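First up is the structure itself, then whatever we jot down about it.
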Amino acid sequence: MENKFVIETERLILRHLQEGDAEDMYKNYCSKDKVTENLIWQTHPNLEATKQYLQTVLEDYAAGLADFRFGIVWKETNEVIGVIDYMKRRDFIYEIGWVLSDEYWGRGIMPEAAKATLQLVFDSGVVRIQAKHFVGNEKSGRVMQKIGMTHEGRLRCFGQDGHGRIRDTEMYSIINPKYTNQTTQNNKNEVKE
C-alpha cells in the first residue's frame, strides 16, 4: 500500500505502518511492560498479537480511517520505534496519542514527531487537537507542553488503562492558529448570567 503522507525530520521518518513492521513493533514497544504501563492497551504476549493488531491498522488505512497514524522510523536503523496517532473524535476535533520504545525516551523524539505532524492535521480542517495522559505519566505531559498544548485540567476517574485500573487523567489541547482569534471573540460574546 502506498503511503499517503511521508514526513522526514532530522532523525525520523514518519509514515504509515507497513506489513513488514510487526517485528520492529513487537521488539521495540508492543512486548514491553515498561512501555505499556501508562497506555490503554496491554502488552502483546507474542509476535502474533502484534501482527493481528497491525492487520487492523492496515485495514483502517485502506478504509480511510487512520490517515494520520504514523509509524515513527529511526533513520539510523530504519526500525519502527513507535507510533504517533491522531484519532478523530468529532469532525473538527482530533486526539493525539503515541507510544515510543523506552530505549528512545528522553531524546526529544515525541516532540519532534508531533511538531512535524501537527500542521498537516490542522491543514486538513481540524480546529482542536487534544491529548490526555494518566496521572503519574508526567513525561507525556511535558511532551504536550513542548508542542504548545495548554493544560485544561484533571479529569477524575476518567480513563481505564490496559490493566483495568481506573485512573485520573490530565487533559491538554492546542487550537489551530487559524481559529484562535475566532474562539477568543466568541468567548467574549458569551452571555454572562
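Given a 1.4 Å probe, how much area per residue of the chain is accessible, in Å²?
Heavy-atom accessible area per residue stands at 56 Å².
What does the extension gain come out to for Gln145 and Leu65, with contour length at 0.36 nm per residue minus their alpha carbon separation?
Result for the pair: 26.1 nm of gain on full extension.
Can you give me the relative contact order of the chain as a percent, contacts being Cα pairs under 8 Å and 6 or more apart?
Reported relative contact order: 19 percent.
Round to the nearest 0.05 the FRET efficiency obtained for Lys178 and Asp102 when R0 = 41 Å and r is the Cβ-Cβ distance.
0.65
If the only charges are +1 at each Lys and Arg Cβ and -1 at each Asp and Glu Cβ, what is the size of the charge dipole of the range 1-114 around the Cα centre, to the nearest 20 debye? Can you show the working numbers first?
Numbers: 13 positive and 21 negative charges, 51 e Å.
Charge dipole, the range 1-114, about its Cα centre: 240 debye, nearest 20.
Go through Trp98, Trp74 and list them by solvent-accessible area, largest first, probe radius 1.4 Å. Show your work: numbers first, answer last.
Numbers: Trp98 45, Trp74 20 Å².
Result of the area sort, largest leading: Trp98, Trp74.
Computed from the coordinates I sent, semi-axes √(5λ) of the Cα gyration tensor in Å equals one of (1) 29, 20, 16; (2) 39, 17, 13; (3) 33, 23, 15. Tell me the label.
Among (1) 29, 20, 16; (2) 39, 17, 13; (3) 33, 23, 15, the one derived from this structure is (1).
If the reach is capped at under 13 angstrom between alpha carbons, list the aspartates and glutamates near Lys178, excluding any in the same chain fewer than eight residues apart.
Asp123
To the nearest Å, what is the center-to-center distance of the range 6-26 and the range 30-80, using C-alpha atoms only?
Between the Cα centres of the range 6-26 and the range 30-80 lies a distance of 10 Å.
What percentage of the solvent-accessible surface of the range 78-185, computed with a 1.4 Å probe over protein heavy atoms, is contributed by carbon and sulfur atoms?
Answer for the range 78-185 is 47 percent, counting heavy atoms of protein chains only.
So which GluC sites (Glu not before Pro) in the range 3-71 end up in coil per DSSP with only 10 or fewer other C-beta atoms within 10 Å?
When the GluC sites (Glu not before Pro) of the range 3-71 are filtered for loop state and at most 10 Cβ neighbours within 10 Å, Glu10 remain.
The values are calculated or read from the model by the stated rules, or taken from the named source; none is laboratory data. All values reported here derive from a predicted model rather than from experimental measurement. Cβ coordinates were reconstructed from backbone atoms using ideal geometry, including for glycine residues, and neighbour counts include every protein chain displayed. Remember, those area values only see protein heavy atoms, side chains included, never the ligands or the DNA or RNA. Shrake-Rupley method; radii C 1.70, N 1.55, O 1.52, S 1.80 Å.
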